[in-house]
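A short worksheet on the structure shown next.
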Amino acid sequence: MEQQRSAFFSSASHELKTPVTILKGQPSGMLAQIGVYRDREKYLSRALEVTGRMEALIKELLTISRIEAGSFVLKSSLVHLNELIARQLELDEDLIGQKDLHIDAHLVSDIVLRGNQNLLANALDNVLMNAILYSPPHAAIRIALEAQTLTIENTGVFLPEEALPRLFTPFYRVEPSRSRQSGGSGLGLYLVKLILELHSASCEMNNSEGGVVFTTRFT
């Protein structure tokens, strides 16, 4: 466990090092009015984007740290999973429209959980955002909620079989350069796993005939 913890914080430090270096260099260039950095408006905007990425990463790290340490106070209430899905799809409506994605949702049954709505919304947001970002334009995202199982499939996308067992590992990326360009921290699916385990649920990712399928089962 100590080796895993050491590896985790080493990776976290590495992930923070790059945006910190960028954030330090951009204001320095603007203050010195060097070359392209004379365009202060452009690089102030970029610095704000980098700050936002760092803020999101730090929030994920803090949540993970609290869950792993067992110090997370689970403020629970009744959560209707179908309502949570519908609300998240509404929040993502603009991005879905930009890629002209088709959402095929079959919410046959409602899973009612006693859990933390904010954490479950975070987990659902991570999975749906992955499906949206990595689906090709005009593809379909299929969402099924039946019995005690939720599946989310983004069609037309397949992952290398050797990558599947590692998807829920901290900081693992199938395509490192592409994931970093999209702003991914490499922590999203690991955080999803922790949140679902906290709610006595399991999760897995597999290739199907149509595409990549995320499955979670609630007890």
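The values are calculated or read from the model by the stated rules, or taken from the named source; none is laboratory data. Predicted, not measured: the structure shown is a model, and the values here were computed from it. Heads up, the Cβs are rebuilt from the backbone with ideal geometry, glycines too, and the neighbour counts pull from every protein chain shown. Ligands, DNA and RNA are excluded from the accessible area calculation, which covers all protein heavy atoms including side chains. Shrake-Rupley method; radii C 1.70, N 1.55, O 1.52, S 1.80 Å.
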For region 32-142, report the % of Cα-Cα distances exceeding 24 Å. 48
With axes computed from alpha carbons, what is the tilt in degrees of helix 81-91 against the longest principal axis of the chain, rounded to the nearest 10 within 0 to 90? 30
For a Förster distance of 25 Å, can you work out the FRET efficiency between the beta-carbons of E162 and V20, rounded to the nearest 0.05? 0.20
So, counting K/R as plus one and D/E as minus one, what does the shell of residues with Cβ under 13 Å around V79 add up to? +1
If you project the alpha carbons of region 81-191 onto their three principal axes, what span does each projection cover, largest first, in Å? 37, 30, 24
How much net charge surrounds E153 when only other residues with a Cβ under 14 Å from its Cβ are counted (Lys, Arg +1; Asp, Glu -1)? -3
Would you mind checking the tilt of helix 40-69 against the longest principal axis of the Cα atoms of the chain, expressed as 0 to 90 degrees and rounded to 10? 50
Relative contact order, percent, region 73-219 [alpha-carbon distance under 8 Å, six or more residues apart]: 23
Calculate log10 I(q)/I(0) of the chain for q = 0.15 Å⁻¹, where I(q) comes from the Debye formula with a single equal point scatterer on each Cα and nothing for solvent. -1.07
Compute the acute angle (0 to 90°) between the alpha-carbon long axis of helix 117-134 and the principal axis of greatest extent of the alpha-carbon atoms of the chain; round to the nearest 10°. 70
Could you sort the peptides 198-206, 87-95 by per-residue average Cβ neighbour count (10 Å cutoff), highest mean leading? 198-206, 87-95
Pairs K99/K193; K24/K99; K17/K193: which are spaced more than 31 Å apart, C-alpha to C-alpha? K24/K99
Residue of L57, L145, L159 that the Gaussian network model of the chain assigns the largest fluctuation, springs spanning Cα pairs under 10 Å: L159
Share of the chain's accessible area from carbon and sulfur, percent, 1.4 Å? 53
For the chain, what does the helix formula give at 222 nm: sum of -39500 (n - 2.57) over DSSP H segments with n ≥ 4, over the residue count, nearest 500 deg cm²/dmol? -17000 deg cm²/dmol
Multiply the residue gap between T219 and S28 by 0.36 nm, knock off their C-alpha separation, and tell me the result in nm, one decimal place. 63.4 nm
